[in-house]
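Readers should treat all values here as calculations from the given coordinates under stated rules, not as data from a laboratory. Predicted, not measured: the structure shown is a model, and the values here were computed from it. Here the Cβ positions follow ideal geometry from the backbone for every residue, glycine too, while neighbour counts run over all protein chains shown.
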Amino acid sequence: MNICFLMYPWEQITPEADSTLALIHECVKRGHGVAMCTPSNLTIRNSVTNAFCRVINRAEKISNSPKSFYKKVTLRDEMLPLAGFDVIFMRSNPPLDPIMLNFLDSVNDDVFIMNSLNGVREANNKLYTAVFDDPENEIIPVTHVSKNKDYIIKMIKESTSDKMILKPLNGYGGSGVILIEKNAMLSINSLLDFYINKSDGTTDYVILQEYIEGAEKGDVRILMLNGKPVGAMKRVPGEGDHRSNISAGGSIAKHTLTPQEKKLCRKIGPKLVKDGLFFVGLDVINGKLVEVNVMSPGGITYINKVYKTRIQEKVIDFIEDEVQVKSNAFKRKAKLRKTVEDA
Ligand SMILES: Nc1ncnc2c1ncn2[C@@H]1O[C@H](COP(=O)(O)OP(=O)(O)O)[C@@H](O)[C@H]1O
Ligand SMILES: [Mg+2]
């Protein structure tokens, strides 16, 4: 099959740790054609959606380690029509560029896109957790989202807990996630102004969330493939920080899913599949879901290392199966059409 990775630039890859490189390497090892392009390289050529791609040249021998594969592989530049690919694997970093999705809308019927466009549209920010019905807050923490400063302050005051988390709706990598303490409210007005009223005159939503006890011991990243967990790891905050993101200094440890985490996966898995969110990363703290990462979930290489697994194999197996189903349906349709035409 031919697969196009819509992703960050090739030069930005850290070969030892990059999950997208692990996926690309797996595809190339299996003999699939691989091209890469960035969202800004999408182009419409006379009403046909194309991309300026970097295509991986086929080679006789493919290195076994992603690092030497990255070093040795040669690329060529080609402008290619997206509908000619079997798969588009979106692996671009947040924030989501809505125009990118509009480009992809034009090829949605021709190509298997992972994750699905509608799923990514729905789940690209932290509002998505509100789609899960959980009145007792067993799996979703108490969460308020608003642009209304007075409402947020009222919610902090009414909270039974002394600590809360404040974060931007569209943040990632731990940026802007801060701890609020009820007995230190002097800066809250200024903080909310900063989060809500942007310097360019626009406004943003802010999230106020219960502080989940146990967060100081770390959070859990669960990779979900087709609605089921395929790997997990613990991320522990670095010295002097409350956030566990690796980009915020967190470190990795082994993690076996607890019964509560397994229950969480069972509860949300079917909805993820229904939304076409086939490969996502859940951020879970003490059994509660804080975020569903749908754009370019990482963690494959770390989990592979601590568990001696190869998660990329499972992901590419899944894609191959999906492409097979699509191609069988296409062949069946062609055969039936022929029967009718010949009648
Ligand atoms: N409700 C919360 N309680 C405790 N810690 C939290 C909470 N929300 C976020 N954190 C900490 O901040 C980190 C980043 O938060 P997250 O919501 O995943 O945003 P991001 O998109 O920036 O990763 C989490 O991994 C966790 O360590
Ligand atoms: Mg996160």
Phi-based couplings in Hz for segment 298-310 (Karplus 6.51, -1.76, 1.60; Gly and Pro marked x): x, x, 4, 5, 5, 5, 4, 5, 6, 9, 6, 10, 9
Placed amide H near Phe279: partners under 5 Å, 5+ positions off or other chain: Asn226
Work out the charge dipole of the chain with +1 on the Cβ of Lys and Arg and -1 on the Cβ of Asp and Glu about the Cα centre, then indicate which of Met7, Leu289, Val131 is farthest towards its positive end. Met7
Under 18 Å from a point 7 Å along the Cα-to-Cβ line of Lys163: which residues of segment 197-223 have their amide N that close? 208-220
Taking a threshold of 32 Å on the Cα-Cα distance, which of the pairs Lys262/Lys335; Lys163/Lys198; Lys182/Lys305 fall above it? Lys262/Lys335; Lys182/Lys305
³J(HN,Hα) across segment 245-255 via Karplus (A = 6.51, B = -1.76, C = 1.60, θ = phi - 60°), whole Hz, x for Gly/Pro? 4, 4, 5, 10, x, x, 10, 9, 9, 5, 8
Given Cα pairs under 8 Å that are at least 6 residues apart, what percent is the relative contact order of segment 31-164? 17 percent
Using a Cα-Cα cut-off of under 16 Å, which aspartates and glutamates could be cross-linked to Lys154, ignoring same-chain neighbours fewer than 8 residues away? Asp162, Glu181, Asp193, Glu210
Normalising by the residue count of segment 143-210, find the relative contact order in percent from Cα pairs under 8 Å and 6+ residues apart. 48 percent
In order over segment 142-149: 3J(HN,Hα) from phi, Karplus 6.51/-1.76/1.60, θ = phi - 60°, whole Hz, x for each Gly or Pro, gives 4, 9, 10, 10, 7, 10, 8, 4
Mind telling me which of Ala184, Ala22, Ala253 comes out most flexible in a GNM of the chain, alpha-carbon contacts under 10 Å? Ala184
How do the peptides 121-134, 283-296, 35-48 rank, highest first, by the average count of neighbouring beta carbon atoms within 10 Å per residue? 283-296, 121-134, 35-48
Given all pairs of distinct Cα atoms, segment 143-210 yields a Kirkwood Rh in Å of 12.1 Å
For a quick size check, give me the Cα extents of segment 217-309 along its three principal axes, largest first, whole Å. 40, 26, 26
Relative contact order for the chain: what is it in percent, counting Cα pairs under 8 Å that are at least 6 residues apart? 17 percent
How much length would be gained if the chain were fully extended between Lys29 and Val340, taking 0.36 nm per residue of separation minus their Cα-Cα distance, in nm to one decimal? 107.8 nm
Modelled FRET efficiency - R0 25 Å, Phe318 with Lys262, Cβ distances, 0.05 increments: 0.80
Computed P(r) (all Cα pairs; segment 140-264; 10 Å bins; percent): 12, 37, 34, 16, 2
Using just the helices of the chain, give the 222 nm mean residue ellipticity in deg cm²/dmol: DSSP H runs with n ≥ 4 each add -39,500 (n - 2.57), and the total is spread over all residues, rounded to 500. -10000 deg cm²/dmol
Counting DSSP beta bridges with both partners in segment 227-295, what percentage is antiparallel, nearest 5? 100 percent
Sequence-distant residues sharing a close amide H with Ser146 (under 5 Å, placed H): Val206, Leu208
In whole Å, largest first, what are the principal axis extents of the Cα atoms in the chain? 75, 44, 41
